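The values are calculated or read from the model by the stated rules, or taken from the named source; none is laboratory data. Keep in mind that what you see is a predicted model, and the values were worked out from it rather than measured. Please note: Cβ atoms are built from the backbone with ideal geometry, for glycine as well, and neighbour counts cover all protein chains shown.
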Amino acid sequence: MNKNKISKTLFLMSMMVVFSSCSVSKNAVVAHRGAWKKNNLPENSIASLRHAIDLKLAGSEFDVWRTADDSLVINHDAHCNKLLIEDTNYADLIKFKLSNGEKLPTLYEYIKEGKRNNKRTLLVCEVKPSEISKERGKVTAVKTVEIIKKLKADKITCYISFDYEILKQIQQLDPKAGLQYLEGNKSPAEVKKDNISGIDYHYSVFQKHPEWITEAKDNKITLNVWTVNDAEVMDWIIGNKFDYITTNEPELLKERLNKKN
């Protein structure tokens with residue numbers, strides 16, 4: 001084996017160790033839609049992903065939709081420039097540029113960038129529930145997993161969704177995948193029973209059900225929380241030692257964490 005092959009093998013091994021459990025360390029920072037806010041970058045853009053990686057954040061979250069002609073694209077809302085993504089062809093969507101001049105990224109482009117020069121940032125892939133049908137959402141999940149596996153990024157990716165059936169679909173396709181449920185209507189014990197490895201609820205859910213924090217830890221369920229932008233809420237979450245904290249303010253959260261250490 002030559003030096004290049006040895007280096008590549010060691011890199012892949014190190015990536016597998018870092019990302020294998022979809023949980024890095026307590027209170028690890030996840031940039032919501034990439035690290036966009038401080039530098040006024042477009043949300044869910046290649047630029048916001050790259051900035052999250054350059055900041056060496058534990059994770060960077062993004063959102064996946066499927067167009068009318070089966071392209072998987074990255075966008076938060078169901079609509080993009082007043083066009084319903086699921087009813088629109090990709091060529092029509094990219095007629096409109098993002099604020100920094102980028103075109104709407106495809107999942108393929110996004111994952112390729114997410115692998116580049118990335119030694120520690122988990123790709124947190126939210127598969128959006130379809131606004132057309134439950135079945136369409138499940139097909140989108142299948143196609144999403146196919147692309148991520150094709151790009152050999154499954155070891156550095158975990159999946160989140162508000163649709164429980166989407167997560168169960170992914171679990172069938174990749175039993176080792178890290179999965180986090182978003183809706184906030186199931187206890188950690190219920191989630192564990194269905195072999196879903198994590199929960200990622202709005203912070204108000206945990207304030208209402210603080211016992212779920214202990215229950216998740218006791219059941220070895222990954223604890224993530226969204227979207228924590230207020231310093232006071234950050235301090236409460238930090239004190240409860242979540243696995244991940246998802247935020248639009250990763251720089252502020254890092255400052256709060258440094259003060260606690």
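A few remarks follow.
For every residue, the table says whether it meets (1) small (Gly, Ala, Ser); (2) surrounded by fewer than 22 Cβ atoms within 10 Å (Cβ to Cβ); (3) over 21 Å from LYS259 (Cα atoms).
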{"position": "GLU183", "(1), (2), (3)": "no, yes, yes"}
{"position": "LYS193", "(1), (2), (3)": "no, yes, yes"}
{"position": "GLU211", "(1), (2), (3)": "no, yes, yes"}
{"position": "GLU215", "(1), (2), (3)": "no, yes, yes"}
{"position": "ILE221", "(1), (2), (3)": "no, no, yes"}
{"position": "VAL228", "(1), (2), (3)": "no, no, no"}
{"position": "GLU232", "(1), (2), (3)": "no, yes, no"}
{"position": "ASP235", "(1), (2), (3)": "no, yes, no"}
{"position": "ASP243", "(1), (2), (3)": "no, no, no"}
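- Criterion: of a type in the set (Asp, Glu) and under 23 Å from PHE162 (Cβ atoms) - qualifying residue of ASP69, ASP63, ASP54, ASP92: ASP63
- With respect to the conditions (1) touching a residue at least 40 places away in the same chain (Cβ under 8 Å); (2) assigned to a helix (DSSP H, G or I), ALA91 lacks only one, and its number is (1).
- Residues of the range 113-125 classified as crowded, with 16+ Cβ neighbours inside 10 Å and either in contact with a strand residue (DSSP E or B) (Cβ under 8 Å, 6 or more places away or on another chain) or not in a helix (DSSP H, G or I) (or both), total: 8
- Tally of residues being of a type outside the set (Asp, Glu), under 26 Å from THR121 (Cβ atoms) and touching an Asp or Glu at 6+ places or on another chain (Cβ under 9 Å) across the range 74-93: 4
- Test: residue in the range 10-17 that is farther than 19 Å from TYR244 by Cα, more than 14 Å from the chain's Cα centre (by Cα), of a type outside the set (A, V, I, L, M, F, W, C) and modelled with pLDDT of 95 or more: no
- Test: TYR110 is more than 25 Å from VAL29 (Cα to Cα), buried (at least 18 other Cβ atoms within 10 Å of the Cβ) and at pLDDT 95 or above: no
- Taken together, the residues in the range 78-87 that are part of a loop (DSSP other than H, G, I, E, B) and either surrounded by 13 or more Cβ atoms within 10 Å (Cβ to Cβ) or in contact with a Phe, Trp or Tyr (Cβ under 6 Å, 6 or more places away or on another chain) (or both) amount to 2.
- Applying the criterion of being at negative phi and surrounded by fewer than 17 Cβ atoms within 10 Å (Cβ to Cβ) to the residues of the range 63-77, the residue that is nearest to the chain's Cα centre (by Cα) is HIS76.
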